[in-house]
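To start, the structure under review is shown below, and the notes come after it.
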Amino acid sequence: MTCGNAQSRSDFWLSHAGTSHRLSHHVRSPGVSTRFEALAFRAGLPPIRFHDLRHGAASLAKASGADSKYIAALLGHARSSFTDDVYVTLFPEVAKAAAEAAAAVVPRSGQAQ
């Protein structure tokens with residue numbers, strides 16, 4: 001499932017399994033978070049807040065190669081630097097792949113340049 005800001009701050013969409021649904025308003029209710037936490041607990045998940053899903057979605061989008069500006073716009077942030085600093089977590093696998101890619105471009109003795 002993905003979500004995003006289609007036209008304006010009050011026009012959101014959800015996409016799941018190839019279908020899109022437009023939402024006309026934000027869901028702001030303490031009951032949503034409380035219900036989510038109860039469901040997560042019953043499912044045996046570690047403690048997680050509903051808001052933490054935003055952080056996870058940003059991190060997964062970044063790991064998939066999405067541009068920081070796109071992720072910031074998706075979350076409604078004015079600055080991509082804020083999104084990167086506060087919302088995006090670098091997964092160990094992504095860090096390892098980046099280090100290996102950087103090492104691959106370093107010239108080594110005996111290799112043609």
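Where does the charge balance sit around Ser59 when Lys and Arg score +1, Asp and Glu -1, over other residues with C-beta under 11 Å from its C-beta? Present the calculation step by step, with values, prior to reporting the outcome.
Working: positive: Arg54, Lys62; negative: Asp52, Asp84.
The answer is 0.
Express in nm, to one decimal, how much length is gained between Ala97 and Ala66 on full extension, taking 0.36 nm for each residue of separation and deducting their alpha carbon distance.
9.6 nm
Based on the alpha-carbon gyration tensor of the stretch 55-94 and its eigenvalue square roots a ≥ b ≥ c, which shape applies: rounded if a/c is under 1.5, prolate if not and a/b is larger than b/c, or oblate? Intermediate values should be presented prior to the final figure.
On the way: a/c = 2.05, a/b = 1.65, b/c = 1.24.
Prolate.
For the stretch 70-113, which trypsin sites (Lys or Arg not before Pro) are in a loop by DSSP, counting at most 12 other Cβ atoms within 10 Å? Please report the intermediate quantities before stating the final value.
Values: sites: Arg79, Lys96, Arg108; in loops: Arg79, Arg108.
Within the stretch 70-113, the qualifying trypsin sites (Lys or Arg not before Pro) (loop, at most 12 other Cβ atoms within 10 Å) are Arg79, Arg108.
Rounded to the nearest 20 Debye, what is the dipole magnitude of the stretch 25-113 about its Cα centre when Lys and Arg each give +1 and Asp and Glu each give -1 at the C-beta?
Working: 10 positive and 7 negative charges, 45 e Å.
Here the stretch 25-113 has a charge dipole of around 220 debye.
At a Förster radius of 35 Å, what calculated FRET efficiency corresponds to the Cβ-Cβ distance of Val105 and Leu39, to the nearest 0.05? Spell out each step's value before the answer.
On the way: r = 46 Å, r/R0 = 1.32.
After rounding to 0.05, the efficiency reads 0.15.
Coordinate-derived values only; no laboratory data. Owing to the predicted nature of the structure, the values given are computational and were not obtained by experimental measurement. Cβ coordinates were reconstructed from backbone atoms using ideal geometry, including for glycine residues, and neighbour counts include every protein chain displayed.
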